[in-house]
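Read the figures in this text as sums done on the coordinates, not as results from a lab. All of these numbers come straight from a predicted model, not from anything done at the bench. A quick note on method: Cβ atoms are made from the backbone with ideal geometry, for glycine too, and the neighbour counts reach across all protein chains shown.
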Amino acid sequence: MQSYCGEQPCGRSDDRYCIARAGRPPRRGRSSSTAVLAQQNSAVTPEQVEALISQIGTVTRSRRAAIVAALDAYNQLDDAGKAAVTNFGMLAEAQQILGIQDALAKCNVNYDAVEDCWAITTPHDDSIDKRKTCGIGPNLYIWDKGNTIVFWEDFTYMGSSELDINDIILRGGDYKYTYICDYDNSGYGYDKELGKWFAWATFEMEDSEVEWLRNLLSADTVIMRFEGTDYSKFDYTWTEQDRQAITDIIDLYDLLKAVTPEVREKALRN
């Protein structure tokens, strides 16, 4: 029996093909049943996703690849398959922790082992003495095993003239906010090493007041005015570095507020 290449028509009336490669069977398209079987064999199963999730272990930024692999596999499942993944909660928590740790990486995190608490600032704010300039320094304080988060806002004046702060006014577009200083939350003096007059004020912010910062960030320009008890004034305009530091702390604050205290603690301790 002759074999046919299945490639070149020879013009025979019975539509057979010429003998181009002896012994080679004719090529045919893959049957639909074979294609479906191959697709089924390559499909991810809920059990495989569960195994990938179990392999994540303690969540740190170094486990990003394992978290991404588990998430990619989970997203390949249909709704029924996703519902069958019994340890999805571990994956969801891992994503939350990783997101917080990414945000923490942009900040300076100081842990006090005696008080069992965390103080979180920004590199920009911590460099204010080196910059010898005014600034705003939002920061977070977390204690009670992650149950309590306080948002602090520090203001710093640094200049050539003495200024005892009475109030601080922030103007950004149509937004205007005033912070009233008192003796228990502000002070001033002269730093001989820096050769500058300085003044500071710090405020504990409610969530509604954190919203002030969001509103100000939406403005093209934000002016921070320091008014002294003697009615002297000094205006400082936020820089891009100021804006970024504020944004980084607010983003971290939002992520921390969105999770349980247990997840916060894991993100901070891991």
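Here are a few things to note about the model shown:
- Segment 119-267, relative contact order [Cα under 8 Å, separation at least 6], %: 26
- Checking the Cα-Cα distances for LYS130/LYS176; LYS192/LYS233; LYS106/LYS130; LYS132/LYS257; LYS106/LYS196 against a 26 Å cut-off, the pairs over it are LYS130/LYS176; LYS132/LYS257; LYS106/LYS196.
- Convex hull of alpha carbon positions in segment 191-249: directionally averaged projected area 5.7 nm².
- Given charges at beta-carbon only (K, R positive; D, E negative), |dipole| of segment 109-203 in Debye: 440
- The shape of segment 112-247 comes out oblate: with a ≥ b ≥ c from the C-alpha gyration tensor, a/c is at least 1.5 while a/b does not beat b/c.
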